[in-house]
Amino acid sequence: MTDKTTSFAQQILDAQNLAMQEDPTMICMGLGIDDPKAIFGTTQGLQETFGEQRVFDMPTAENAMTGIGIGAAVAGTRVLMTHQRVDFFLLAMDQLVNNAAKWHYMFNGQMTVPLTIRLIVGRGWGQGPTHQQSLQSWFSHIPGLKVVVPSLTENVGQLLYNAIMDNNPTIFLEHRWLHNQIAPNAAACQPLTEAPQHTRVLRTGSDYTIISNSYMLSEALQAQKYLQQHNVHCEVIEIASPTSIDWHIIYQSVSKTKRCIVTDMGHTFCSLASEIANKVYSHCFNALLSPVSIIGLPNYPEPTSYGLTKEYYPDVNTIIKTVSNNCGIEIAQLKSRQHHDVPGEWFKGPF
Amino acid sequence: MADLKHIYFQTLRIRKIEEAIAAKYSEQKMRCPTHLSIGQELVPVAVSHFLTHADKAYSSHRAHAHYLAKGGDLVKLIAELYGKVSGCTAGRGGSMHLSDLECGFIASTAIVGNSIPLATGNALHQQLTRAEGLTVSYFGDGATEEGAFYESLNFAALKSLPIVYVCENNQYSVYSPLSVRQPTGRSISKLSNEIGLKSFSVDGNNPTQALQTSQAAINYVRHHGKPVLIEYFTYRHREHCGPHFDDDLNYREQEEVQTWLDNDPLNNLEKALDKDPEFKAFQKLAISDINQEIEQAFTAAESASFGSIEDNERFIYD
Ligand SMILES: Cc1ncc(C[n+]2csc(CCOP(=O)(O)OP(=O)(O)O)c2C)c(N)n1
Ligand SMILES: [Mg+2]
C-alpha cells in the first residue's frame with residue numbers, strides 16, 4: 001500500500017468528518033460553510049455527508065449565534081463553529097467570555113460546554129488592521145477557555161478532533177498560510193483519536209531553545225535547519241496549546257541550552273510570548289546566559305499597504321539575527337521571499 | 001431631464017472607475033481586498049443627490065461608490081488602493097477603510113454592521129449640537145442580521161435621530177442567499193417600520209423611483225428630525241470580493257442574474273435619456289472626460305511613493 005500525501009486543510013476536514021461520525025448529536029455551523037469555497041476547502045462535502053440539519057450556513061450574527069451554540073452545547077449538542085477571520089468573531093466576546101468560559105465553574109460543575117470555535121488568522125496581502133489579528137494571548141487570558149494553536153499538518157487533525165471531543169469550550173486558531181501545507185505521508189500523521197501532546201520537542205539541540213507555534217513555527221524550523229549549517233544547534237519546541245503547556249519540557253530544554261527565544265504572532269506587549277518568557281526567567285534564572293528574546297508583532301495595528309508592512313512580520317531572518325547577536329557570531333541572512341505579504345506564488349488574494 | 005443627465009454622469013463615472021479598478025486589479029499592485037459596486041451604483045448617486053456638505057456618511061466594506069457619490073476624492077481613492085502615501089488614509093486602511101472628511105464621508109469599516117452604530121452616534125452628535133445636516137448609514141442586507149443593526153435602529157427611533165439608514169439589498173452575503181439567512185417573505189423595511197422608523201422600499205436600479213424615494217425619505221428626516229430606513233433592491237454584477245465575474249460557480253440562478261442584468265441602472269438611465277436629442281453628444285463628452293480623469297488618477301497613484309515605515313508608530317495615540 002502506498003502512502004498518500006495530505007494537507008493541513010485536509011486533516012482539518014478529516015477530523016471534522018470523524019467527529020461528526022462519532023457523535024451523531026454534533027453540529028457544524030459557519031458563514032459560507034457549504035458555499036463554493038467551503039471555508040478554504042476545510043468544510044468541503046460535510047453538508048452532503050451529514051445533511052443540512054447538522055451542517056449549516058448561518059445569518060451574519062456572530063454574537064447571538066455563539067450564544068446559540070453555547071446554549072445548544074449546554075443542552076447536550078456537540079457544537080463546532082467556524083469563522084473565516086478571528087476578527088469577525090470579536091462580536092461574540094461577551095458570549096465567549098461571560099458565558100462559555102464561566103459556565104462550568106459558575107454553576108458548580110453541573111454543566112459542560114462542548115463547543116469548539118475555529119477561528120482563522122487572515123494574514124495575506126492587504127488584510128490590514130481588521131482582517132489578520134492573532135489574538136491567542138487574549139483568549140488564553142480567560143480561565144475556563146482552552147486555546148489550541150496548530151502549526152503542522154502531522155498533528156492538526158488530532159488537535160482538532162480532540163478539541164471537538166473535549167467537553168470544555170475551545171478556541172482553535174488556524175493560520176491560513178498553513179492550510180496549503182503538505183505532509184508527504186498521510187499515514188505518518190498522528191492518529192486522530194489519540195490524545196495529543198500539546199508541548200513537543202520537534203528538534204533537539206544543545207545551543208538554543210526556540211519556542212513557537214502557528215505559522216511562526218515554520219519560520220523557526222527553517223531557522224533551525226539553516227543555523228545547524230553554521231554549527232548552532234537549536235532545540236525547537238512546539239506549543240500547540242497555550243492553556244496546557246507542559247512547563248517541565250520547556251524548563252528542561254532551557255536548562256540545557258541556556259538561551260531561549262519565544263516567538264509568537266501576537267503583539268508582544270502582554271502576550272503569550274511574554275508570559276512564557278516570564279516563566280522561563282522564574283525557573284531557569286541561574287541557567288540563562290543571555291536574556292530571553294521575544295519575537296512578535298510590533299505594538300501598532302497592521303497597516304494595509306504593501307509598502308508599510310515590509311518589516312511588520314518577523315520571519316526566519318529575525319530569528320537568525322537574534323541568535324547571531326546573542327551568541328556573538330556572524331551569520332549571513334537567508335534570501336528573503338520575493339514578496340513579504342504572500343506565503344508563496346499560489347497566493348493571489350483578494351480574500 | 002437636466003437632473004437625470006447629472007445622475008447619469010455620476011453613475012457612469014462610478015461604473016467606469018470600478019471597471020478600471022477591475023481591469024487593473026490582476027496586475028497585483030492594488031494589494032488589498034476590494035469589493036466593487038458594479039451594478040449598485042445608482043443607489044448612492046440617488047441618495048447623494050439630495051445631500052449637502054453638512055450631511056455626513058458612513059459605510060461598509062463595499063464603499064467605493066458611497067465615497068465617490070458623496071464627493072470623495074478620486075485620486076486619493078486610487079492611491080489608497082495602491083497603498084500609497086497620497087491615499088486617503090496614506091495606505092493604512094485600504095479599500096475597506098476609506099475616509100474623506102472634507103466632503104463629509106467620515107469612514108467605511110470592514111466588519112459587517114459595525115459602522116451602523118457609528119453613524120447613529122454621528123446623528124446623536126448632530127442632534128445634541130443642533131448641527132445642520134443629517135447622517136447617512138450605508139450597509140448591505142447581511143448587516144441587518146447583526147444585533148448592532150437592531151440596537152442602533154431602536155436607539156435612533158427612541159431619540160428621534162436625524163439619520164437615513166440605507167440598506168442595499170443585493171440578496172447575497174458573499175455566496176449565501178437571503179434564504180439561508182432570513183425567513184422567507186420578511187421585509188427589512190417593514191421590520192424597520194415596526195422598530196419605529198419610517199421606512200421605504202424601492203427598486204434601486206430604477207432611476208425615477210430611486211430618486212423620488214430618496215428625496216421623500218431625506219426630506220422627511222430634514223422636516224421631522226426623525227430616522228428613516230430605505231431598502232433599495234439592487235444586484236452586484238461581479239464576485240463578492242475581487243474583479244471577476246463568478247457566475248460559473250452557479251450560486252445564483254442564471255435567470256435571476258439575467259433579470260438583474262436587464263435591469264442595469266446605467267442602461268435604465270440611458271433608456272430614459274434616449275429621447276433627449278442632446279444625449280448622445282453629452283454621453284460622448286462624459287465618457288471622454290471620465291476616462292481622462294481616471295487615467296490621471298491611476299498615473300498619479302502608480303507614480304506616488306509608499307509612506308515611510310518610520311511613520312508606522314504615529315497616531316497610535318493622540
Ligand atoms: C462581522 C463580520 N462577519 C463576516 C464578515 C465577512 N463578510 C465580509 S462582507 C460580507 C457580506 C455581507 O453581506 P451584505 O451585508 O449583504 O453586503 P454585500 O457584500 O452584499 O454588499 C461578509 C459576510 C465580516 N467582514 N464581518
Ligand atoms: Mg448583500
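The values are calculated or read from the model by the stated rules, or taken from the named source; none is laboratory data. Please read all numbers here as calculations on a predicted model, not as lab measurements. Please note: Cβ atoms are built from the backbone with ideal geometry, for glycine as well, and neighbour counts cover all protein chains shown. These area figures cover heavy atoms from the full protein model, side chains too; ligands, DNA and RNA do not enter into them. Shrake-Rupley method; radii C 1.70, N 1.55, O 1.52, S 1.80 Å.
Which one of these does A:Pro191 not meet: (1) more than 14 Å from chain B (Cβ to nearest Cβ); (2) closer than 19 Å to A:Asp315 by Cβ? It fails just one condition, (2).
Within the stretch B:43-84, how many residues are assigned to a loop (DSSP other than H, G, I, E, B), among the polar types (S, T, N, Q) and either open to solvent by less than 10 Å² (accessible area, probe 1.4 Å) or closer than 21 Å to B:Ile7 by Cβ (or both)? Break it down into steps so the answer makes sense when it comes.
Start the filter on the stretch B:43-84 by keeping residues that are assigned to a loop (DSSP other than H, G, I, E, B), which leaves B:49-55, B:60-63, B:71-73, B:82-84.
So of that shortlist, the ones also among the polar types (S, T, N, Q) come out as B:52, B:60.
Narrowing the set further to residues that are either open to solvent by less than 10 Å² (accessible area, probe 1.4 Å) or closer than 21 Å to B:Ile7 by Cβ (or both) leaves B:52.
The number of residues fulfilling the criteria is 1.
Can you tell me which of B:Tyr67, B:Tyr25, B:Tyr82, B:Tyr58 is more than 26 Å from B:Leu285 (Cα to Cα), more than 16 Å from ligand 2 (Cβ to nearest atom) and within 11 Å of the chain's Cα centre (by Cα)? So that I can check it myself, show each step before the final result.
On the way: B:Tyr67 fails: more than 26 Å from B:Leu285 (Cα to Cα); B:Tyr25 fails: within 11 Å of the chain's Cα centre (by Cα); B:Tyr82 fails: within 11 Å of the chain's Cα centre (by Cα).
Answer to the check: B:Tyr58.
Kindly indicate which of B:Ala148, B:Ala131, B:Ala156, B:Ala107 is touching a residue at least 24 places away in the same chain (Cβ under 8 Å), closer than 21 Å to A:Ala92 by Cα and either in a helix (DSSP H, G or I) or more than 10 Å from every other protein chain (Cβ to nearest Cβ) (or both). I'd like the intermediate steps shown before the answer.
Details: B:Ala131 fails: closer than 21 Å to A:Ala92 by Cα; B:Ala156 fails: closer than 21 Å to A:Ala92 by Cα; B:Ala107 fails: closer than 21 Å to A:Ala92 by Cα.
Among B:Ala148, B:Ala131, B:Ala156, B:Ala107, only B:Ala148 is touching a residue at least 24 places away in the same chain (Cβ under 8 Å), closer than 21 Å to A:Ala92 by Cα and either in a helix (DSSP H, G or I) or more than 10 Å from every other protein chain (Cβ to nearest Cβ) (or both).
Criterion applied to B:Val75, B:Val43, B:Val47 was being within 16 Å of ligand 2 (Cβ to nearest atom) and among the β-branched types (Val, Ile, Thr), and the one residue passing it is B:Val43.
Within the stretch B:157-188, the residues that satisfy the criterion of being more than 15 Å from ligand 1 (Cβ to nearest atom) and crowded, with 22+ Cβ neighbours inside 10 Å are B:Leu161, B:Pro162, B:Ile163, B:Val164. Pairs meeting the criteria (first residue in the stretch B:14-42 and within 12 Å of chain A (Cβ to nearest Cβ), second residue basic (Lys, Arg) and open to solvent by less than 10 Å² (accessible area, probe 1.4 Å), beta carbons under 9 Å, at least 6 apart or on different chains) are B:His35/B:Arg236; B:Leu36/B:Arg236. Would you call A:Ile331 touching a residue at least 40 places away in the same chain (Cβ under 8 Å) and surrounded by 16 or more Cβ atoms within 10 Å (Cβ to Cβ)? Yes, satisfied. Residues in the stretch B:134-151 that are open to solvent by less than 10 Å² (accessible area, probe 1.4 Å) and either closer than 14 Å to B:Gly121 by Cβ or more than 8 Å from ligand 1 (Cβ to nearest atom) (or both): 6 in all. Here A:Met265 meets the list (1) open to solvent by less than 20 Å² (accessible area, probe 1.4 Å); (2) modelled with pLDDT of 95 or more; (3) under 23 Å from A:Gly126 (Cβ atoms); (4) away from every other protein chain (no Cβ under 14 Å) almost entirely, failing just condition (2).
Here's the yes/no breakdown for (1) farther than 27 Å from A:Pro184 by Cβ; (2) within 14 Å of chain B (Cβ to nearest Cβ); (3) open to solvent by 20 Å² or more (accessible area, probe 1.4 Å); (4) of a type in the set (A, V, I, L, M, F, W, C):
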residue: A:Lys4; (1), (2), (3), (4): no, no, yes, no
residue: A:Leu18; (1), (2), (3), (4): no, no, yes, yes
residue: A:Ala38; (1), (2), (3), (4): no, yes, no, yes
residue: A:Gly76; (1), (2), (3), (4): yes, no, yes, no
residue: A:Asp87; (1), (2), (3), (4): yes, yes, no, no
residue: A:Met93; (1), (2), (3), (4): yes, yes, yes, yes
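Across the stretch A:20-34, the number of residues qualifying as open to solvent by 20 Å² or more (accessible area, probe 1.4 Å) and within 14 Å of chain B (Cβ to nearest Cβ) comes to 2. The residue that is farthest from the chain's Cα centre (by Cα), counting only those in the stretch A:300-351 that are among the hydrophobic types (A, V, I, L, M, F, W, C) and within 14 Å of another protein chain (Cβ to nearest Cβ), is A:Leu308.
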